[in-house]
Every structure is written in C-alpha cells, then in structure tokens.
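Below you'll find the structure, written out as structure tokens, and then a few comments.
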There are 2 protein chains.
Amino acid sequence: MFLQLQYGDEVIIPSPVYFNHTMAIEMIGGTVVEVNSIAESGFQLNLKGIQNKINSKTKAIIINTPNNPTGATYNNDDIKILAQICDKKNITIVLDYTYEYFSYNLNYNPLASFEHLKNLIIIGSFSKTFGITGLRLGYICASKSIIEDLCKIQDTISICAPSISQNILLQLLSNENDAIKMNFNSASDSRDKLIKCLNDSKILNWEATNGAFYAFIKIPNTENTWDFCEKMIIEYSLLVLPGSIFGEHWKSYIRIAYGAVSPKEIEEGVQRLYNQISKTT
Amino acid sequence: MFLQLQYGDEVIIPSPVYFNHTMAIEMIGGTVVEVNSIAESGFQLNLKGIQNKINSKTKAIIINTPNNPTGATYNNDDIKILAQICDKKNITIVLDYTYEYFSYNLNYNPLASFEHLKNLIIIGSFSKTFGITGLRLGYICASKSIIEDLCKIQDTISICAPSISQNILLQLLSNENDAIKMNFNSASDSRDKLIKCLNDSKILNWEATNGAFYAFIKIPNTENTWDFCEKMIIEYSLLVLPGSIFGEHWKSYIRIAYGAVSPKEIEEGVQRLYNQISKTT
C-alpha cells in the first residue's frame, strides 16, 4: 500500500472487510471503498457493485479469498473478470491468498490463471498454511520492480523475518505436502463438526462457505452483536467477533474462528452460543 | 513516524544519518532536514545548527545516541537542552537508544533525565543489547496514548513479535546483567584492538568515539569512498560502508562495524584496508 497510494487515492474492498486492510490504507491517507458482498449467494463477490465504484481515484482492489471473516471462496471466473478490468484500467489487484490452502473445494487453483498480469500483487501466509502463526512469516509475489521497492519498505520496518522462524520454515517446506495436509485435515474436521452442531441447534443457521476457517453467522433478533460478543467473553469465556468490525452493514453477524479449535471444543462452544441466544429469543 | 507526520512535515536529524530513518520518513511524505555534526568534536551535536533549522514545519527531532555510524555518545547536557526546546515548541523528540548498552563512558545514563517529558519517544533494541539480531526484537517507551496508537500501527504490519523470539528474550532478561556484560565486553575488546591497529597503521586515524560498535573514518586522498568500498568487497572480501549513504557531506568517510568481529579478525581487516590505501597514496 505504501508503494501504490497517494493521499486521497481509493481502494475498493469487498465487504465484510478484514479490518487490518482498512487500517493500513487509512494510516497512509488512502480511502477504503467497501462494496457489500451478497450474503444470499454465500458472500460471493458483487461484481456489478465493484464495477460501479471504479473511478479515476481507484488505485487498487483487494480480493481476500478464501475470505476472512466469511470463509467464502470467490468464484474463479469472477476474479478473472475483475483482473481483466484492472489490467485494462491500470488498477493494481491485490490477491490476499492468506487462506489459499484452506479450500474445501477441489476445483480451486487460482494462481495459475493470473501469471501474465503485471499489476498483480499476491499475498500469502506461511503462518496460516503450516499452522505456525507465532513465527510471523508470509510472502509476497509480484513483478521484480515491485518486489525491489517492497524490500526497501521492509528495510524500514523489520529489516527481515527472524532467522529462527526462517529456519523452521525451511524444515517444513522440505516436507511440505504432509505438513499442509495435516493442518488442513484438522481444520476440515472442525468445520464438519461446526456444520453439524449449528444445524442441530435449530436456531443457528450457516450455509457453509468453502474456505478459510471462519464462519460468519447472523444472530437472530439481534441488531448489533457488539454487546452479545462482550457477554460471550465475560459470561461464557467464548471469543467470537462482532460483525461490525468487518463493516457497518454486518452488525447482526458474528465471526466464529474454528481453525485452532478441536471438534470437541466446537461442540462446547456452539452449546454456549445456543444457551445465550435461547435466553434472549 | 506514521503517528507524527503529515505530508510536508519536517524532521531534523543530526548527520551522519542512519539511512533507514531517512527512508521511513520519506516513505510517508515527510522531509528530512540534516544538520551536520562536528567531526572535529568527535561528531558531537551541532546544537546551534539544529536550533537554526527549527521552524513551524518541524514535527520531530531524531537523536541516535550512541550513534550509528560514528559511535559518538552525545553530551548529556546537549540532549537536555534540545529536549527542553522540543518540550517548549511541542516538537516530538525521538531518542534512538539502540546502542545504549554499548557506551565506553561510565557517566552515560540518559534515560533518568527525561522521564517527565510528554512528547518523548524512546526506541531501544533487544537485538543489539543481547547480540540477538536474528530474533528481530526491540521496544518503544512513550506516553500511554502514543503507545496505544502505535499498537494499532503494529497490528497492520507484523501484529506482534514472533513468540519464539519473545520466549528466548524472557530467558535472557532473567539473567540480564551477565548477558549484557558478556556482549559489551566482547565489543569492548574488539574496539581496543581496532584503536591499536588503526594507530599502528600510521595512515588511518580515528579519534575513538565512546559508543555503539562503529568507527567512522576519513580515508586519506579519497573524495568519494563508494568505489573504494566496492573494491574492498570484491578484491579483499571486506565489508565496510561508504560514508555517502549516511549523508552527502561524508563522501570521504567509511564506516567500520566491529560489533560481531573478533580482535583477530579486526587485525586482519585493518591490514586489508591498509594494503588498499597504500596502493593509492
């Protein structure tokens, strides 16, 4: 973002928006333009809405797929259409693939389609892929000139990733497939359990999305889930996030993160949610 | 800097300047105003020069002491005068104390004097203090409101320091004095050896400064040391930095870093410098 934006430039992001994208853009004087995704389509991209928001100030579009907080894996054809528009209008497209290995949809192979685009920046996360979030490791793929400039920016921030983290990653990469598979299977098991528990609860409904390890769920009869989430932490020791931090439009939603939660804990967590919701409905 | 600067704001830095300070400020649209330190006084602060450069655009002054690249430990009274001026004019004073434990001057105890200042930001480095640069750990001391805002910025960059790095630091902190002393003694031995070797060389002269682990030395009969440094790398496998990267004014200087170099290696390194200089003079 440092590289791409001047004061007043606009960045389009499908909403719900991962809040750190918004903070990073506003921190350097850019403006975030949210375009609400379509809940009824499993939070897929609102292509028409995005196109309508593109203007001369638009410098970038950030696509986070699989998405945090919805878990939506965007339709590949939609991303392709968007990439073509960006290419034509010289808008940078940032593909945030943090959760790319957490896709419960076998047809998902996005990287291959975009190799030819010059104004493309791909963000990835070793932390999520290998379940090593504490090591703080990610990567960026882009054209050589972009990477060279990004290295200068990196030099003013952390200079480089910690050497111990890098060494651990090297070990994991040497047995990449097994390490990723183990991590994926664990999230997948928790997801299956979450789907079952939510269905069994009768009150809570989730049309399961296909990626990441998040569920974005509407809480019945609750206009703003901020107090609800506060209550869940204080009275039930359960951490879920209020939808409003992902955009004004999503006040009645909560985000459940099931990535580091065992199936047994999922069962207990959904029961606690159910207990609180039953009280108020 | 994110917190303090708008486009066009000025930051005063005594020169030679650690280049990453300049990059970080320019990256967000600020302007660096260099004030040359006085080489003849052992690169001490040019107080009058700094005062002359303060104007309505001045938002911050960065003081890096002990200094990289000169090793100068600035006079405590000078810093105090500067801090008072900043306090009066509501200018943020950033004290970069990365090398605070590498002071070969027993009277150096700067932190105690500035506790009462509100617009003070102190930067420190565990990486340097404990010789654990690969772990990428540092700290910032400032007023509560500044720290709260800095946490938001941190959240958009690396979120937090790696957990392994933090755990190793905890171990080191539990036996802090010994760990610091060991690291200091090692740098001190190398410094003693460097002073001796430079004196013995007859050609190279250094009026040793009192801190950090850097020597900033003028190369005789060389207007610009860029080519000289390139030659030292390629022909002599010796890495020294050209003075020009620390400011235009210092083109005839080089920086020697002796922190992670043994006394024996120092001897060999100075010999290689001497060989090259003898050739050209």
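Suppose each label sits 7 Å from its Cα in the direction of the beta carbon; what would the residue B:153-residue A:89 distance come out to in nanometres?
3.2 nm
Which distances in nm, rounded to one decimal and ordered from shortest, link the label point of residue A:176 to the equivalent label points in the other identical copies, with labels set 7 Å from Cα toward Cβ?
Here the equivalent label points are 4.4 nm apart from this one.
Restricting things to alpha carbons, tell me how big segment B:189-281 is in terms of Rg and Dmax, in Å.
Considering segment B:189-281 through its Cα atoms, Rg and Dmax are 12.1, 33 Å.
What are the nm distances, shortest first, from residue A:224 to its equivalents in the other copies, labels at 7 Å along Cα→Cβ?
Copy-to-copy label distances at residue A:224, shortest first: 6.2 nm.
Please say if the protein assembly as shown is rounded, prolate or oblate, where rounded means a/c under 1.5 for a ≥ b ≥ c the square roots of the C-alpha gyration tensor eigenvalues, and otherwise the choice is prolate for a/b larger than b/c and oblate otherwise?
prolate
Which GluC sites (Glu not before Pro) from segment B:175-281 combine a DSSP loop assignment with at most 14 other Cβ atoms within 10 Å?
Here the sparse-neighbourhood loop sites are B:207, B:223.
Work out the charge dipole of chain A with +1 on the Cβ of Lys and Arg and -1 on the Cβ of Asp and Glu about the Cα centre, then indicate which of A:140, A:58, A:219 is farthest towards its positive end.
Checking the options against the dipole of chain A, the answer is A:58.
I'd like the mean, over residues of A:241-249, of how many other protein chain beta carbons sit within 10 Å of each residue's own Cβ.
Mean partner-chain Cβ count within 10 Å for A:241-249: 0.
Going by how many other Cβ atoms sit within 10 Å of their own, how do B:121, A:245 line up, fewest first?
A:245, B:121
Taking a cut-off of 25 Å, what percent of all Cα-Cα pairs in chain B are separated by more than that?
50 percent
Percent relative contact order of segment B:185-280, based on C-alpha pairs within less than 8 angstrom and at least six residues apart?
Relative contact order here is 34 percent.
May I ask you to sort A:87, A:149, A:96 by Cβ crowding, counting other Cβ atoms within 10 Å and putting the fewest first?
In increasing order of surrounding Cβ atoms, one gets A:149, A:87, A:96.
In peptide A:157-165, what is the residue-averaged number of other protein chain Cβ atoms found within 10 Å of each Cβ?
6
Would you list B:182, B:1 from fewest to most Cβ contacts within 10 Å?
Listing B:182, B:1 from fewest to most nearby Cβ atoms yields B:182, B:1.
With charges only on Cβ, +1 for K and R and -1 for D and E, what is the dipole size of the protein assembly as shown about its Cα centre, in debye, rounded to 20?
That gives the protein assembly as shown a dipole magnitude of about 320 debye.
Counting helices only, and only those DSSP H runs with n ≥ 4, report the 222 nm mean residue ellipticity of chain A as the sum of -39,500 (n - 2.57) divided by its residues, in deg cm²/dmol to the nearest 500.
The per-residue figure over chain A is -13000 deg cm²/dmol.
For residue A:33, list long-range residues whose amide hydrogen, built 1.01 Å from N in the peptide plane, is under 5 Å from its own amide hydrogen.
Residues meeting the amide H criterion: A:11, A:12, A:13.
Kindly point out which whole DSSP H helices in chain B project their C-alpha atoms 30 angstrom or further along the helix axis while averaging a Kyte-Doolittle hydropathy of -0.5 or above.
Span-like helices in chain B: none at all.
Given q = 0.12, 0.14, 0.19, 0.20 Å⁻¹, what are the Debye log10 I(q)/I(0) values for segment A:87-198, with equal point scatterers placed on the Cα positions and solvent ignored?
For segment A:87-198, the Cα-only Debye profile gives -0.56, -0.74, -1.15, -1.21.
Defining the label point at 7 Å along Cα→Cβ, can you sort the distances from residue B:3 to the same site in each other copy, shortest first, in nm?
For residue B:3, the other copies' label points sit at 2.8 nm, shortest first.
Evaluate the relative contact order of segment A:96-229 (contact order divided by residue number), counting alpha-carbon pairs under 8 angstrom at least 6 apart; express in whole percent.
After rounding, I find 26 percent.
Of A:89/A:251; B:80/B:196; A:59/A:251; A:202/A:279, which sit over 26 Å apart, Cα to Cα?
Over 26 Å Cα-Cα: A:89/A:251; B:80/B:196; A:59/A:251.
So what is the relative contact order of chain B, in percent, for Cα pairs below 8 Å that sit 6 or more residues apart?
Relative contact order for chain B comes out at 17 percent.
Values quoted throughout were computed directly from the atomic coordinates according to the rules given, and no laboratory measurement underlies them. Bear in mind the structure is a predicted one, so any value in this text is a computation, not a measurement. As a convention, Cβ positions derive from the backbone with ideal geometry for all residues, glycine included, and neighbour counts pool all protein chains shown.
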